1. Looking at region A:20-36, is at least one residue buried (at least 22 other Cβ atoms within 10 Å of the Cβ), over 17 Å from the mean Cα position of the chain (by Cα) and assigned by TED's automatic domain parsing to the domain that holds residue A:259?
2. Of the conditions (1) within 19 Å of the chain's Cα centre (by Cα); (2) within 30 Å of residue B:160 (Cβ to Cβ), residue B:252 satisfies every one except a single condition; which number is it?
3. Across region A:312-321, which residue is nearest to the other protein chains (Cβ to nearest Cβ) among those that are assigned to a helix (DSSP H, G or I) and farther than 22 Å from residue B:43 by Cα?
4. If a residue must be in contact (Cβ under 8 Å) with a residue 40 or more places away in the chain and closer than 21 Å to residue B:101 by Cβ, how many such residues does region B:157-173 contain?
5. Quick check on region B:70-82: of everything there that is touching a helix residue (DSSP H, G or I) at 6+ places or on another chain (Cβ under 6 Å) and facing chain A (nearest Cβ under 9 Å), which residue is surrounded by the most Cβ atoms within 10 Å (Cβ to Cβ)?
6. Please go through region A:177-188 and give me each residue that is under 11 Å from residue A:221 (Cα atoms) and over 23 Å from the mean Cα position of the chain (by Cα), ordered by number.
7. Please go through region B:85-104 and give me each residue that is surrounded by 18 or more Cβ atoms within 10 Å (Cβ to Cβ) and either at positive phi or assigned to a helix (DSSP H, G or I) (or both), ordered by number.
8. With respect to residue B:373, is the statement that it is touching a strand residue (DSSP E or B) at 6+ places or on another chain (Cβ under 8 Å) and in a helix (DSSP H, G or I) true?
């Protein structure tokens, strides 16, 4: 059985529906993947995710390596068992956090002793834990080894994620390092993966906002024996104009028969249309859950980029559900006034009910997209939304 | 139909089983009542409480008056509808919080302008909101009026809760005020209650740790037309030696055919035995939920007062559930190691799973007590536990 089975190719765009097969079950694509950074999607437990019909969730290798550690997770039979979630999981390689959290820390400490907190060599990256300052060293091999121990269904190659404002020369250097690391990841994975379940390895296309680099990277990553192709980089998801360009540039060079994954995408509901239209099958983002915890909730109504801020006093007496069309358990059971009250009184329950709503919203939106693609009316659906 | 139907009187103690009938359903006694201060039991929503088979929950009039306000709750058809909980609710009168939060605030501001934050007169109590410092005035009539608007099944008379270290002369004064207020509460409730559901009004016995005052108070409160009798006071629940004395003193004077309610009781699982043995039918306490949020979890094992602190590193690799005998959803689905990890990483999910466990534990314990009383083996059960 092929890893990805394409079900339908939209007649009017690159959008497509498919099914990804894993040993923990099938994933219908395009799909949104909720982020469970530290072995939990914040505020939820695994039965909540089951009730939400989440098909796949993410774990963050960087965070799981620091706490509770991959060796402990392995002792428990892998992340699925540790967190009691038996559907598919994807882990990132830790690359993104190594750089983003390392640089944040650098700023915070104002780097007094002139010691760089993230040291990059061709061999790998030395970084300090954002929790206790302890030193860690990730090589491509180490990142894969950790992910073997965590035991997700889909794992990612270790890459260097360059800031958008880095000079082109540096971006090229980093990209070439990412390519060399990609080869080492594939090699290590083939040689040492010994889990009873099949782990699929994805490569990551880098190159920041440079067309030639992005295309070179897409060609190179696609030439390796990866099971899927991810598009990474600081701007992906956070700068949608740039994201659209990048996806257009790389599309001709990434194989049709492998899953396409846009990393860290979903700041706004409408962003999903722009990437699905460009042939993306999978995406994840902390925004829906993080925004939920701050009271920013998604609605089908077009106003304000499909968002409402439930902390505003206009909702104090509002007897409506968060969204009238929504069928999540929060909308079926509670009013805007009640959720407003929970946020107003800093009750944790509010954050959880909001998280359930936002995740449901994204999962439902991708389900609607799959149905639209199936009937070749994806662009019509997009038009209605944007 | 009588409000309370006694099912069985234990042959060897004052313990008894019964059923309390309300328009929102029956309550089997003795029963623990989880505290839902601000229209939510912290970290849980109403479906969690349904899954836990909670039979009755508490709301705090003081907090609900400040936020979202009783008028808003009334507009939504009462607290049941506002929070989507259709089983019985009890509200306290606000008395305890007016004094305890008022005095806390007094200490914090070190009372520079020499202005008392809680002003008590025979008419009522003026206090300042702990949130914004705004002035409020509760009379007995006002406290009942607010509770009418909130619409709980059981409501409480407004009382003055005196500190344990107050001089006897003051305790007597305060008790006499509480008695005068009790009469006013009964009168106002009879005259102005116009809800479609029947609201039952309980009186509160005060008198601190003075035997004669407690007995005088028990006699007086029992002589009024209350539906149930509560035992209040600073020491009840927090000083179990004193609590036992107080309950023994008042027992002969409170009517058998009305529910007996020990307010704010349940700091330790074993405390429940001491009060049930003394004929108490209902109790509530924030401790099980508050302790849960700090990782203090109840276990059937006798060690450490039936508690374990899941934040301790000895649980890091523990594959057992929180308690092997427990059938709550947390214990059926997660290990100690996982809950430890959630607390260690400050994940909100941990607080919720812990809260579910502690509430289940108390509800299950009272269920076991009811079964033991039914079979006249309550004291044997107590012996096993203590």
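1. No, the conditions are met nowhere in region A:20-36.
2. (1)
3. Applying the first criterion (assigned to a helix (DSSP H, G or I)) to region A:312-321 yields A:313-315.
Filter again for farther than 22 Å from residue B:43 by Cα, leaving A:313-314.
Details: A:313: 11, A:314: 14 Å.
Checked region A:312-321; the qualifying residue nearest to the other protein chains (Cβ to nearest Cβ) is A:313.
4. Residues of region B:157-173 in contact (Cβ under 8 Å) with a residue 40 or more places away in the chain: B:157-164, B:166, B:168, B:171-172.
From the residues that got through so far, the ones that are closer than 21 Å to residue B:101 by Cβ too are B:157-164, B:166, B:171.
Number of matching residues: 10.
5. Of all residues in region B:70-82, those touching a helix residue (DSSP H, G or I) at 6+ places or on another chain (Cβ under 6 Å) come to B:70, B:73-74, B:76, B:79, B:82.
Retained after the next criterion (residues that are facing chain A (nearest Cβ under 9 Å)): B:76, B:82.
Working: B:76: 18, B:82: 25.
Selected residue: B:82.
6. Here is the first cut: in region A:177-188, the residues under 11 Å from residue A:221 (Cα atoms) are A:178-183, A:186.
Once the filter is applied, which keeps residues that are under 11 Å from residue A:221 (Cα atoms) and over 23 Å from the mean Cα position of the chain (by Cα), region A:177-188 yields only A:180.
7. First, pick out the residues of region B:85-104 that are surrounded by 18 or more Cβ atoms within 10 Å (Cβ to Cβ): B:85, B:87-99, B:101-102.
Hits for region B:85-104 are B:94, B:95, B:96, B:97, B:98, B:99, B:101, B:102.
8. Working: touching a strand residue (DSSP E or B) at 6+ places or on another chain (Cβ under 8 Å): yes; in a helix (DSSP H, G or I): yes.
Against the criterion (touching a strand residue (DSSP E or B) at 6+ places or on another chain (Cβ under 8 Å) and in a helix (DSSP H, G or I)), residue B:373 qualifies.
The values are calculated or read from the model by the stated rules, or taken from the named source; none is laboratory data. None of these values were measured; they are calculated from a predicted model. Neighbour counts run over all protein chains shown; Cβ positions are idealised from the backbone, glycine included.
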